[in-house]
Every structure is written in C-alpha cells, then in structure tokens.
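Below you'll find the structure, written out as structure tokens, and then a few comments.
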There are 2 protein chains.
Amino acid sequence: MQNKENTPTMTRRKAIQCAAALGGIAALGTTTRAHAAENTIKLKANDVVLFQGDSITDAGRDKKDQSSNRIPTLGNGYARMISEQLLGEYSELKLQCYNRGISGHKVPDLQKRWQKDTIDLNPAVLSILIGVNDIWHMLNGNYDGTVEDYENGFTQLLADTKKALPDTTIVICEPFVLRCGAVNDDWFPEFTNRLAAARRVAEKAKVIWVPFQDMFDKAITEETPPSYWAGDGVHPTMAGHALMAKTWMDVTGLG
Amino acid sequence: MQNKENTPTMTRRKAIQCAAALGGIAALGTTTRAHAAENTIKLKANDVVLFQGDSITDAGRDKKDQSSNRIPTLGNGYARMISEQLLGEYSELKLQCYNRGISGHKVPDLQKRWQKDTIDLNPAVLSILIGVNDIWHMLNGNYDGTVEDYENGFTQLLADTKKALPDTTIVICEPFVLRCGAVNDDWFPEFTNRLAAARRVAEKAKVIWVPFQDMFDKAITEETPPSYWAGDGVHPTMAGHALMAKTWMDVTGLG
C-alpha cells in the first residue's frame, strides 16, 4: 500500500487551517489560535444553517422545492458545497441546511422576503452574501440605490435580524468581483466603496466576516487569472465556489 | 467581528488529518506522520485525475458530455466533490478531472472499456471503486462471478493498467455496504470475502488504499444509523459521499 516517495509539504494556508483546528491542543502561534477562538461556531443538534443572498448563493437551485439537505435544493455553489461538508462532518447533529438565495436580489429584495425566508426558519447560523446586484443593477440603469442606501439597508436588515433572532450566529460574506467578463473599470471606485460599506456593517454588527474579495485577490496568479475563478467576473466557477466553501469553513472554524 | 465565546475543540479525526497534513513541520505522532508520507500524492501541472467505477462513482453524471471539470459531467457524488476541492485548492496546476463511472458495472465491464475510458485518458491519478455489483448481481441471479473471479479479474485489470500507465498513481477505494435497505444477511459472509479480496489485490499492486468500509463502520452511531449514510445500503447519501470525499482527500494527502 505504498506510494511515491514524495515528502509531504505544507502550504501556508494549510498550516493556518491546522493551527486553527488544533486550537487548544497545540498551536503554531498565539495570534492564529486567538483568531480561531474568536470565530469558531459550535453547532448543536438540529441546528438550521441558512444561506441567503443573490445568484451566487442561489447557484441554480430548484426553487420549487424548499426542503433542506438535498443537492437540487442547495444549488451548485458554495452553499451546497458547505452543506455537504457539514452533513458529512457533523453527522451526529442532524443539521438542516437551507439555501434561500435568489438570483438578481439586492438588499431591498432581501428585506421584503426576510420574515418568510429567514426569520421563520429560525436559523442557528445565518450566512449572507449580498451586494453585487446593488451596484450592477445601478450600472445597468435598472436601480438607483447609492452606497449609503446599501449600507443603511444592510445595517437595518441585520438590526432587525438580531432583534428577531438574538441567538443566531450571523456570518457576513464579503461581496466580490473579479476584473474580467462583465466587470470593467466602470465598476470602480464605486465597488471598492461598497466593500468598505459591507465591512463597516459587519464590524458594527459584530458578526463573523468571510473575506471573499481578499481571498480572490490573493488567489489570482499568472496561472490562475480572474476568469479561472469567475468567468464573467461575478459568478464563480466550480473552482471559485470550492475556494469560497473552503474559506467559509476555515473562517467559521467548522472546517 | 467577534463571535461566541466557544473554545475550539478537536475531534480525533481532525487531529489525525492535521497531523498528516503537518507532515514534516510538526506532528502528533511518528506513526501518523509515516502514514502521511507513504500516501501523499504530489500533483503536477496539467495532470489528469480520473474516477472509475460503478453507480457510486457515476452518481448521475451526464454521460453524453465526456468533458472534464464540469459539475454535470462529474455527477453528484464523491468524484465531483473531490474534483471541486482539487480545482479550488490546486488552481495553479490546471488539473483535468474526469468521471467515467458507469452505473451497474462490475470488473468485467471495466475491462471491456478500459482502453478507451482509462488508458487513453492517460491519468496521473486513477481512482477505482468497483465490486458491489460483482456480488449484488450475483445475489440477484444476474451474474455468476465468484470471489475468485473478482480477485483475478481485478488483479489482471491493475496489471494491465500498470503496464500501460507505469507513471500513474493508482488509488483503490474499498467497496462497502451498510446494513440497511437492500443489504440483508444474504450478503454475508460473501461480501466480507469480497472485501478481503479487494484488499489483497490492492496490497499486491502496492497502490493507495482508501478504507471506505472501515470509514462507514466507524461513522455509524446511534444518532447516525446506516441509512444516514446510504439509504439503500449501497448508494451513499449526500452526507455519505461527503464523508468519502473527505477520507479520500485525507488518505491521498491532498486534503
């Protein structure tokens, strides 16, 4: 049962993951350990894990079927990939993983359907990725919401959520674009301002922050140009979604 | 950006994964480190990763489209989950991940299509999961292959493969069943004998062995009965496939 004589090597990313996972047992450094302790979600039996957002979360899910824990209803993106891993890893907890992302949605669209699609599901973990349409639809002339509208609306949404669901762990995913496909210079610096707004919202609400833009910026190399991660600059490829799922699992301490 | 005050805890499984991953940097024990060093696959640029087998590998893939790296052509099982993770994690390598599992196939069926479906693809990594139909179809009266036929045919298949593809890393996945659904006492001890045969084949061929039966046996608990992992005892659920993907990634050192 032997294989090649290769010596295992370790990437910096893997070292950080392991240091985070090792937590109280061993550690590569105090800073990393502290970071892991801050962000680690502890799931309980029968917890609901809910993914909310736009088309990136939707990822082609079957919206006629609202059930949890089924591949068609979870779509083909990071939400499904995370759910698969959670159901495999935390089998004893009987988690219920739902996807309620809807293609094209912006913060005001989430607000309209928040009671039915989020509050009523009573999630233990609520992961939200929203913002790219708030600017994209503006650039297309189909929406007139400003950065302030985005920030204020998002802030209000989280305040309402925390009031209705005080025990819910909220995870905010950083909106992102990659400079290819539909994403050209017209998006900037407006998009950068939106990112800053999303970050302020998350910081004020003291929620877990998953730095997707930062992750993609670092993942772009000569061998892997932006289009490897998202062909149109907005919708991730299979590899892009997989990278998002891995980062989400790492940041939440669930990986 | 704070979260709950939970202290991260560590499962035995996670400790083993991390010890394996840490490899030469740090370790929890010499035995674990040695195991990781034996099995670690080192992928290179443009490598082809090929998954071969029966319905468990097939997992509903679109067989009209033979292309790599697409969710429909990779199916909905462990092969697709592993491919997603590889494409996200090893983005710089431009891997090509193919699924050529076909529902209902046994060792003799693989032999018939091996040249076209395996050798011609020249995989750097070839993962094979085969065996459950070799017994299931016999129990159903649709096949008369014995344990010896399985062992001899599988041995010959690997010998032919190693001759045609001397540089390919071969991964043999242990066939498995769970005691529920279609799997009743009639399967035993015949199935246990088949497992022993598969293991002998893998040992003789000195390939990487992924112990799926052992993994599922350990994963069955009061909270997660066999049906959680495979409703009919043969075809894994989403959680079952996810657990397989994780174990495959860990054993090969690619996780």
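Data table
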item	result
Gain upon complete extension [residue B:196, residue B:45; 0.36 nm per residue less C-alpha separation]	50.8 nm
Filter on A:162/A:206; B:162/B:206; B:44/B:204; B:112/B:204; A:42/A:94 - keep pairs with C-alpha separation over 18 Å	B:44/B:204; B:112/B:204
Mean-position separation - Cα centroids, segment A:141-200 and segment B:150-223, in angstrom	49 Å
Area hidden from solvent between A and B (accessible, protein heavy atoms only, 1.4 Å, total, Å²)	5400 Å²
Shortest-first distances to equivalent copies, position residue B:159, nm, label 7 Å out along Cβ	7.7
Approximate shape of segment B:106-255 as ellipsoid semi-axes (Cα gyration tensor, √5λ), whole Å, largest first	25, 20, 13
Highest to lowest packing among B:87-99, B:214-226, A:73-85, B:238-250, scored as the average C-beta count within 10 Å	A:73-85, B:238-250, B:87-99, B:214-226
Percent antiparallel among DSSP beta bridges (both partners in segment A:4-252, rounded to 5)	0 percent
FRET efficiency for residue A:186 and residue A:159, using Cβ-Cβ distance with R0 set to 25 Å, rounded to 0.05	0.20
Distances in nm from residue B:232 to the matching label points in the other copies, shortest first (labels 7 Å along Cα to Cβ)	3.7
Cα-Cα P(r), segment B:95-181, percent of pairs per 5 Å interval	3, 13, 24, 26, 17, 10, 6, 2, 0
Other copies of residue A:217: label-to-label distances in nm, shortest first, labels 7 Å along the beta-carbon direction	5.1
Gain in span if fully extended, residue A:204 to residue A:120, counting 0.36 nm per residue against the direct Cα distance	27.8 nm
For segment B:58-141: accessible area per residue (Å², 1.4 Å)	35 Å²
Surface share of carbon and sulfur [accessible, 1.4 angstrom probe, percent] for segment A:4-252	51 percent
Square roots of five times the Cα gyration tensor eigenvalues for segment B:173-230, Å	23, 15, 7
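The values are calculated or read from the model by the stated rules, or taken from the named source; none is laboratory data. Remember, it's a predicted structure, so these values are computed and weren't measured experimentally. FYI the Cβ positions are ideal-geometry reconstructions off the backbone, even for glycines, and counts take in every protein chain you see. Ligands, DNA and RNA are excluded from the accessible area calculation, which covers all protein heavy atoms including side chains. Shrake-Rupley method; radii C 1.70, N 1.55, O 1.52, S 1.80 Å.
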